[in-house]
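These notes concern the structure reproduced below.
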Amino acid sequence: MTLAGKRVLLVVSGGIAAYKALELIRLLRAAGCGVTCVLSRSAAQFVTKLSLQALSESRTYDDLFSLTDESEMGHIQLSRAADLLVVAPASADLLARMAAGMADDLASTVLLATDKPVLVAPAMNVRMWQHEATVANMALLAARGVRVVGPEEGPMACNEFGPGRLAEPPAILAAIAALLVPAAGPLAGRHALVTSGPTHEPIDPVRYIANRSSGRQGHAIAAALAALGARVSLVSGPVGVPDPPGVTVIRVETAQQMLAASLAALPADIAVCAAAVADWRVASAAGRKIKKTPGAPPPALELVANPDILATLSAPGPTRPRLVVGFAAETDALAENAAAKRARKGCDWIVANDVSPATGIMGGEENSVHLITATGAEDWPRLPKSDVARRLAARIAAALA
Ligand code: CTP
């Protein structure tokens with residue numbers, strides 16, 4: 001891969017993962033990309049200006065106000081001289097300041113002043129990543145067009161386990177390349193929205209209602225659309241599968257959050273709703289863990305309907321994507337139920353599959369689908385989910401050509 005002639009402004013914010021920025025700089029330089037670094041004050045506790053300067057072979061800027069810096073390269077110019085701004089690692093604090101539009105240090109100032117695309121690679125403790133404030137900040141940033149890579153799941157320096165680890169430098173490099181090298185392919189210039197995975201509907205702080213969706217099919221579709229050149233926003237419920245490269249992933253937990261994130265990602269040319277959205281949520285989730293009382297009957301859960309994301313996206317209106325594709329998970333009368341679902345939801349196509357336990361499709365590696373369009377139905381052979389995704393992406397590209 002070559003990034004020759006491209007320039008990245010790398011903002012390094014504070015956190016134990018800051019050392020990985022050094023490896024990212026090395027990879028970018030090896031790909032021929034010019035790198036200039038901005039080091040936040042807290043990042044300077046983890047990596048030195050000297051190392052960043054040596055690896056990037058370029059001057060590194062930090063918070064210390066310098067008249068020479070301002071006359072040689074003002075912060076406005078600094079923010080615009082690059083083709084792309086990358087924040088790696090992006091701390092919860094810097095993401096919050098970006099969401100709020102603050103400009104109280106050099107890092108946040110260049111991010112506010114820039115007219116170039118911005119890619120963030122979050123890294124933080126799992127609880128901080130899952131906190132409602134961070135979830136809301138990420139949704140806001142994604143709605144403003146900020147691209148995201150990671151975080152990944154795994155053991156963390158703080159001895160906890162979960163999502164929050166900085167994406168590995170090769171994955172960040174791939175996300176940078178996807179943004180800097182103009183996409184080729186039949187879907188270049190198109191924006192696709194994909195929903196994927198299950199949703200989790202809380203009962204209390206420790207229990208939730210979920211389903212067996214793995215996210216494999218939806219994630220494979222996002223990857224296949226990106227491979228054909230589309231810019232892809234993937235709104236995903238909690239899954240264990242890795243982020244597809246070059247795709248902006250917006251992580252959510254509940255159906256209501258999935259709807260809000262999907263609407264925020266519009267406008268889009270294509271929407272593919274592959275998520276297994278929970279149809280119902282608990283009317284009022286308990287704020288504290290529900291305790292057993294000896295002799296008392298089990299608690300009754302009152303359920304209320306969740307919003308239908310596919311039907312909402314399919315409704316006529318100025319932001320309706322040109323092609324809306326839904327899935328139909330059925331255990332019987334597949335063709336009739338799926339055709340009725342297409343009409344009821346108002347989408348253009350339905351990808352129907354038989355999710356009876358004997359098929360092993362739900363949560364499995366393969367899928368056997370029937371594509372239902374306005375003009376009829378097609379039976380596809382049983383294929384790996386990645387092949388179903390490629391075939392569907394090719395059909396979508398043909399339909400939009
Ligand atoms: N879907 C959605 N929002 C919901 C429920 C479903 O966007 N609240 C979408 C799914 O992503 C899928 C399609 O609707 O693309 C059909 O999902 P499915 O579970 O098969 O259908 P339901 O609407 O739940 O209908 P039923 O459970 O009655 O079969």
Residue-averaged [θ]222 nm for the chain, counting only DSSP H segments that reach four residues, each worth -39500 (n - 2.57): -9500 deg cm²/dmol
Sort E152, E160 so that the residue with the fewest other Cβ atoms within 10 Å of its own Cβ comes first and the one with the most comes last. E160, E152
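Treat every Asp and Glu Cβ in region 184-401 as -1 and every Lys and Arg Cβ as +1, leave all other atoms uncharged, and give the resulting dipole magnitude about the Cα centre to the nearest 20 debye.
Dipole size: approximately 520 debye.
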Only residues of region 99-114 count here: report those whose backbone N is under 14 Å from the spot 7 Å along Cα→Cβ of I76, or say none. 110, 112-114
At R0 = 41 Å the Cβ-Cβ FRET efficiency linking I290 and R59, nearest 0.05, sits at 0.10
Could you tally the net charge around L27, taking each other residue with its Cβ under 12 Å from the Cβ of L27, Lys/Arg +1 and Asp/Glu -1? +1
Region 295-381: GluC sites (Glu not before Pro) falling in loop per DSSP and having at most 15 other Cβ within 10 Å: E302, E365
Kindly identify region 1-181 as rounded, prolate or oblate by the Cα gyration tensor criterion: order the square roots of the eigenvalues as a ≥ b ≥ c, call it rounded if a/c is under 1.5, otherwise compare a/b with b/c, prolate if a/b is larger, else oblate. rounded
Lys, Arg +1 and Asp, Glu -1 on Cβ, resulting dipole of the chain about Cα centre, debye, nearest 20: 160
Give the relative contact order (percent, whole number) for region 209-347; include only Cα pairs under 8 Å separated by 6+ residues. 22
Along the chain, longest interval not containing exposed trypsin sites (Lys or Arg not before Pro), exposed being DSSP loop plus at most 10 other Cβ atoms within 10 Å: 1-287
Comparing A121, A90, A285 in a Gaussian network model of the chain (Cα, 10 Å), the one with the largest mean-square fluctuation is A285
Label-to-label distance, nm, for residues given as S368 and D93 (7 Å Cα→Cβ offset): 5.6
Please rank Y61, Y19, Y208, fewest neighbouring Cβ atoms within 10 Å first, as an exposure proxy. Y19, Y208, Y61
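Order by neighbour count: S356, S213, S13, fewest other Cβ atoms within 10 Å first, most last.
Least to most surrounded, the residues fall as S356, S213, S13.
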Calculate, in whole percent, how much of the Cα-Cα pair population of the chain lies beyond 40 Å. 22
Which residue, P299, P267, P242, tops the fluctuation ranking in a GNM of the chain built on C-alpha contacts under 10 Å? P299
Expected unfolding gain across T319-L383 under the 0.36 nm per residue rule, minus the alpha-carbon gap, is 19.7 nm
Net +/- balance of residues flanking V239 in space, Cβ distance below 15 Å, scoring K and R +1, D and E -1: -1
Contact order relative to length of the chain, as percent, for alpha carbon pairs under 8 angstrom and 6 or more apart: 11
If the chain between N125 and E153 were fully stretched, how many nm would it gain, using 0.36 nm times the residue separation less the Cα-Cα distance? 9.0 nm
Using alpha-carbon pairs under 8 Å, 6+ residues apart, how would you state the relative contact order of region 97-222 in percent? 17
What does the charge add up to near A88, with Lys and Arg as +1, Asp and Glu as -1, over the other residues with Cβ less than 14 Å from its Cβ? +1
Relative to the present Cα-Cα distance, how much length would full extension add between T331 and A4 at 0.36 nm per residue of separation? 112.5 nm
Quick check on region 89-178: take the gyration tensor over C-alpha atoms, sort the square-rooted eigenvalues as a ≥ b ≥ c, and tell me if it's rounded (a/c under 1.5), prolate or oblate. oblate
Among G14, A103, V148, whose Cα sits farthest toward the positive end of the charge dipole of region 1-181 (+1 at Cβ of Lys/Arg, -1 at Cβ of Asp/Glu, about the Cα centre)? V148
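Since every read-out is calculated from the coordinates, none of them should be taken as a lab result. Here the structure is a predicted model, which is why all the values come from computation and not from measurement. So basically every Cβ, Gly included, is an ideal-geometry build from the backbone, and we count neighbours across all protein chains shown.
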